[in-house]
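A.B. asks: To start, I am sharing the structure in question, which I have written as structure tokens.
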Amino acid sequence: MAVIQGVDYSFDHPTPAELKQAGKKFACRYVYPQSQNPGTKNLTRTEANALKAAGIEIVSNYESYAGRAADGRPAGITDAKAADIQHLACGGRGTAPIYFSVDYDTTPSNYPAIDGYFKGVASVLGLARVGVYGEYDLVKHLMDSGLVGKSADAGKYYCWQTYAWSAGKYDERCALAQDKNGVKLGSGTVDLDSAHCTDYGQWGWKAPVKPPAKKPPAKPKGVEVAKAGDAHLILWDSGDLTVRKGGKHLYTVARGK
């Protein structure tokens with residue numbers, strides 16, 4: 001499929017019209033609930049409505065501070081509850097994932113605490129709604145460990161991999177990629193992102209409607225209307241008549257309806 005171009009931004013907002021004019025199809029936005037005054041990094045219901053009116057899809061992201069996931073399972077539980085309240089208050093789809101940020105260069109020594117954090121998130125949202133933002137080694141680890149949700153697209157996960165700290169590597173299983181930071185767009189400043197599947201966690205995603213399965217043709221029904229010895233006359237629901245003798249078909253007279 002063709003790569004879908006989008007953005008994320010925090011304090012310096014472009015307008016929905018500017019995003020549309022630039023050909024951007026989605027915006028990853030924060031649902032961190034403690035900075036809700038207009039002009040802050042957080043998404044509001046008003047902004048969400050304006051984005052949707054402009055045809056811009058929304059993806060929910062939660063980050064309080066860069067190393068929050070190192071606080072383990074209790075932090076994951078707390079953050080998932082807070083994130084979902086704000087996600088839903090802004091009009092987010094109840095089944096859409098929320099991407100939780102791990103915004104630093106992790107090492108395997110960090111994984112036990114981070115695993116605990118994402119297990120805490122999953123205990124609140126359910127695994128299907130768990131997304132992660134982070135560098136290559138971390139998102140690969142979380143996918144391999146079964147700690148993030150799966151996209152409806154085969155082989156894809158709700159992972160948003162940043163190019164930062166990734167040493168030029170990209171895991172093709174990721175639904176999203178952050179490709180460049182700090183780009184001026186209209187009246188705001190954005191990071192450039194790309195989606196690599198149809199279901200990347202956007203609020204407006206809908207499962208394709210499958211056509212109804214074709215029913216096999218109905219088997220004709222017949223009733224015996226006459227019998228002479230081992231000869232039988234069968235009348236079918238089509239109006240045809242069949243003569244059988246000794247269990248063998250002799251002939252059929254096509255009459256139709």
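Read-outs throughout are calculated quantities, based only on the coordinates presented, and are distinct from any laboratory measurement. This is a predicted model, so every value here is computed, not measured. As a convention, Cβ positions derive from the backbone with ideal geometry for all residues, glycine included, and neighbour counts pool all protein chains shown.
A.B. asks: Hey, could you get me the Stokes-Einstein D for the chain, Kirkwood radius over alpha-carbon pairs, 4 °C and 1.567 mPa s, rounded to whole µm² s⁻¹? Don't skip to the end; give the middle numbers.
C.D. replies: On the way: Rh = 21.1 Å.
Stokes-Einstein gives a translational diffusion coefficient of 61 µm²/s.
A.B. asks: What is the Cα coordinate range of region 218-257 on the first, second and third principal axes, sorted by size from largest, in whole angstrom?
C.D. replies: 29, 15, 15 Å, listed from the longest principal axis down.
A.B. asks: Can you spot the aspartates and glutamates whose alpha carbon is less than 19 Å from residue 24's alpha carbon? Ignore those fewer than 8 places along the same chain.
C.D. replies: Here the aspartates and glutamates satisfying the reach criterion relative to residue 24 are 8, 12, 47, 57, 179, 191, 193, 199.
A.B. asks: What are the ³J(HN,Hα) values, in whole Hz, obtained from phi via the Karplus relation 6.51 cos²θ - 1.76 cosθ + 1.60 with θ = phi - 60°, for each residue of region 112-122 in sequence order, with x given for Gly and Pro?
C.D. replies: Values per residue, Gly and Pro as x: x, 5, 5, 4, x, 4, 6, 5, x, 4, 5 Hz.
A.B. asks: Here's another thing I want to ask about it. If region 130-178 were replaced by its equivalent ellipsoid, with semi-axes equal to the square roots of 5 times the Cα gyration tensor eigenvalues, what would those be, largest first, whole Å?
C.D. replies: Over the Cα atoms of region 130-178, the semi-axes work out to 16, 11, 9 Å.
A.B. asks: Where both residues lie in the chain, what percent of DSSP beta bridges are antiparallel, nearest 5?
C.D. replies: 55
A.B. asks: Please report the net charge: other residues with Cβ closer than 10 Å to the Cβ of residue 127, K and R +1, D and E -1.
C.D. replies: Values: positive: 119, 129, 150; negative: none.
Local net charge: +3.
A.B. asks: If I model a spin label at residue 250 and residue 225 as a point 7 Å from the Cα along the Cα→Cβ vector, what separation in nanometres do I get?
C.D. replies: Distance between label points: 1.6 nm.
A.B. asks: What percentages make up the Cα-Cα pair-distance distribution of region 14-119 when the bins are 5 Å wide from 0?
C.D. replies: Distribution as computed: 2, 12, 22, 20, 17, 12, 8, 5, 1 percent.
A.B. asks: Another question about this same structure. How much FRET efficiency would the formula 1/(1 + (r/R0)^6) give for residue 107 and residue 170, where r is the Cβ-Cβ distance and R0 is 30 Å, rounded to 0.05?
C.D. replies: Rounded to the nearest 0.05, the efficiency is 0.95.
A.B. asks: If you don't mind, another one. Sorting 223, 124, 148 on the 10 Å Cβ count, fewest up front, what's the list?
C.D. replies: Exposure proxy ranking, most exposed first: 223, 124, 148.
A.B. asks: While we're looking at this one, here's another question. Go ahead and estimate [θ] at 222 nm for the chain from helices alone: -39,500 (n - 2.57) per DSSP H run with n ≥ 4, summed, over the residue count, rounded to 500.
C.D. replies: Counting only the DSSP helices, I get -6500 deg cm²/dmol.
A.B. asks: Within the chain, what is the longest stretch that has no chymotrypsin sites (Phe, Trp or Tyr not before Pro) placed in a DSSP loop and near at most 13 other beta-carbon atoms within 10 Å?
C.D. replies: 66-257
A.B. asks: Separate question: Using Cβ-Cβ distances only, list the Cys residues of the chain with no partner cysteine under 4.7 Å, sorted by number.
C.D. replies: When partners are defined as cysteine Cβ atoms under 4.7 Å apart, the chain leaves 28, 90, 197 without one.
A.B. asks: In addition: For the chain, modelled as a GNM with alpha-carbon contacts under 10 angstrom, which of 167, 17, 195 fluctuates the most?
C.D. replies: Answer for the Gaussian network model of the chain: 167.
A.B. asks: Give the aspartates and glutamates whose C-alpha is closer than 19 Å to that of residue 248, dropping any in the same chain fewer than 8 places away, or say none.
C.D. replies: Straight-line reach from residue 248, under 19 Å: 224, 230, 240.
A.B. asks: Net charge near residue 116, counting Lys/Arg +1 and Asp/Glu -1 over other residues with Cβ under 11 Å of its Cβ? Numbers along the way, then the final one.
C.D. replies: On the way: positive: 73, 119; negative: 71, 115.
Once all neighbours under 11 Å are counted, the net charge is 0.
A.B. asks: Order these by the 10 Å Cβ neighbour count, fewest first: 18, 224.
C.D. replies: 224, 18
A.B. asks: Moving on to the next point. Most mobile of 231, 27, 177 per a Gaussian network model of the chain (Cα springs, under 10 Å)?
C.D. replies: Its mean-square fluctuation being the largest, the pick is 231.
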